[in-house]
Amino acid sequence: MRIVTFASGSSGNCSLVSCGNVNILIDAGISMRRIVKGLAAFGLTPHDICGVLITHEHSDHISGLPMLVKHHGVKAFTVPELVCALEYIEPTLAPNIKCVELNKPFMLGDIEVKAFRTPHDSKYSVGYRLIGDTVFAYATDTGSVTHELVEGLMGAETVLIEANHDLQMLRYGPYPPYLKRRIMSPTGHLSNDDCKKLALLLANSGTKHIILGHLSKENNTPEKAYKAVVGALKGLDVRLSVAPATDFLEVYTGESLCWE
């Protein structure tokens, strides 16, 4: 399985998961042009995409979706609550949005996908667990560590989880008080400290590669996020990476025979 983050942060989110001939996007929160360019860098076009998994309706996760649908007929998949939200935001999406059930596996090509609930202040928010030659789980925009979140991530060989902010940077930074309260709320975003605890829990459940994503440009740095989490993983056989806000991060996991 190949995992590539095209963008991960407050200004946009889009990731590619590939195994064999199956290619799936998670979110489309950057322009269609950037998505097409990103796919081309890995020898793909939008017509090679089996579907886009949508985590929630905020613009940094769906801004490129309408143009992908309009120009390339790409199909989007998400839970019923988000289907309604997306159709309200952009009615022309309706024919290309497919409804999936929470916690019920479905197939995209040879990859089994399951949506699980995540705590965020959107209409609804989910993460995804993908099973191909290995297991990859993805969950950002998570204000707290809930049972549903842990269950969705637990046991995956590779995970991408949120390390959104450094608490000190957020508290003493330029954001207005209401926005600071929102970010620190149980339905806001996960701090480096909370991410550290989640990472340790996952590492002890068998996760071998942890990717930190959705870092705030204003309230975090890759160095701070990495340092906060790597200390908790000392002595454990776990690889730690940080997904850039705008550049590629490419990760291979599982059976190498997936690529021929």
| request: List every residue pair whose Cβ atoms lie under 6 Å apart, where the two residues are 6 or more positions apart in sequence or sit on different chains, the first residue falls within region 122-145 and is under 12 Å from Thr158 (Cβ atoms) and among the aliphatic types (A, V, I, L, M), and the second residue, located anywhere, is assigned to a loop (DSSP other than H, G, I, E, B) and modelled with pLDDT of 95 or more. | output: Val135/Ala156; Val135/Glu157; Ala137/Ala156
| task | Could you tell me which residue of region 165-193 is farthest from Leu212 (Cα to Cα), considering only residues that are open to solvent by 50 Å² or more (accessible area, probe 1.4 Å) and touching a Gly at 6+ places or on another chain (Cβ under 9 Å)? | result | Arg181
| Of the residues Gly64, Gly51, which single one is open to solvent by less than 20 Å² (accessible area, probe 1.4 Å), of a type in the set (Gly, Ala, Ser), at pLDDT 95 or above and touching a helix residue (DSSP H, G or I) at 6+ places or on another chain (Cβ under 9 Å)? | Gly64
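What is the residue count in region 175-200 for residues that are closer than 13 Å to Asn164 by Cβ, of a type in the set (D, E, K, R) and free of Cβ contacts under 8 Å to residues at least 40 places away in the same chain?
Of the residues in region 175-200, 3 are closer than 13 Å to Asn164 by Cβ, of a type in the set (D, E, K, R) and free of Cβ contacts under 8 Å to residues at least 40 places away in the same chain.
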| Single residue of Tyr124, Tyr138 found to be open to solvent by less than 10 Å² (accessible area, probe 1.4 Å) and among the hydroxyl-bearing types (Ser, Thr, Tyr) | Tyr138
| task | Answer yes or no as to whether Ser18 is open to solvent by 20 Å² or more (accessible area, probe 1.4 Å) and among the hydroxyl-bearing types (Ser, Thr, Tyr). | result | no
| When region 1-15 is examined, which residues are found to be over 10 Å from the mean Cα position of the chain (by Cα) and either open to solvent by 10 Å² or more (accessible area, probe 1.4 Å) or of a type in the set (Ser, Thr, Tyr) (or both)? | Arg2, Ser10, Ser11
| Residues that are over 28 Å from Glu250 (Cα atoms) and modelled with pLDDT of 95 or more: which helices (runs of 4 or more DSSP H) entirely in region 101-199 hold 2 or more of them? | 167-171, 177-184
| task | List the number of the failed condition for Ala28; all other conditions in (1) over 14 Å from Val74 (Cβ atoms); (2) outside any strand (DSSP E or B); (3) hydrophobic (A, V, I, L, M, F, W, C) hold. | result | (1)
| task | Return the total of residues in region 158-169 being over 17 Å from Phe116 (Cα atoms) and either under 22 Å from the mean Cα position of the chain (by Cα) or among the acidic types (Asp, Glu) (or both). | result | 5
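Residue-wise test of (1) part of a helix (DSSP H, G or I); (2) out of contact with any His (no Cβ under 6 Å at 6 or more places or on another chain); (3) without any contact (Cβ under 8 Å) to a residue 24 or more places away in the chain.
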residue: Phe6; (1), (2), (3): no, yes, no
residue: Lys37; (1), (2), (3): yes, yes, yes
residue: His61; (1), (2), (3): yes, yes, no
residue: Phe77; (1), (2), (3): no, yes, no
residue: Glu81; (1), (2), (3): yes, yes, no
| query | Of the residues that make up region 41-59, is at least one in contact (Cβ under 8 Å) with a residue 40 or more places away in the chain and among the polar types (S, T, N, Q)? | reply | yes
| Name the pairs: first residue in region 222-237 and free of Cβ contacts under 8 Å to residues at least 60 places away in the same chain and more than 18 Å from Ser205 (Cβ to Cβ), second residue open to solvent by less than 90 Å² (accessible area, probe 1.4 Å) and assigned to a loop (DSSP other than H, G, I, E, B), Cβ to Cβ under 8 Å, at least 6 apart or on different chains? | Pro222/Pro244; Lys224/Asp166
| Does Lys104 satisfy the criteria of being surrounded by fewer than 22 Cβ atoms within 10 Å (Cβ to Cβ), over 30 Å from Gly206 (Cβ atoms) and not hydrophobic (A, V, I, L, M, F, W, C)? | no
| note | With criteria (1) closer than 16 Å to Val242 by Cα; (2) touching a Phe, Trp or Tyr at 6+ places or on another chain (Cβ under 8 Å); (3) open to solvent by 30 Å² or more (accessible area, probe 1.4 Å), Lys196 comes up short on (2)
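The values are calculated or read from the model by the stated rules, or taken from the named source; none is laboratory data. Keep in mind that this is a model prediction, so the values were computed, not measured. All Cβ positions, glycine included, derive from the backbone under ideal geometry; neighbour counts span all protein chains shown. When the accessible area is computed, the model is the full protein with side chains, heavy atoms only, and any ligands, DNA or RNA have been set aside. Shrake-Rupley method; radii C 1.70, N 1.55, O 1.52, S 1.80 Å.
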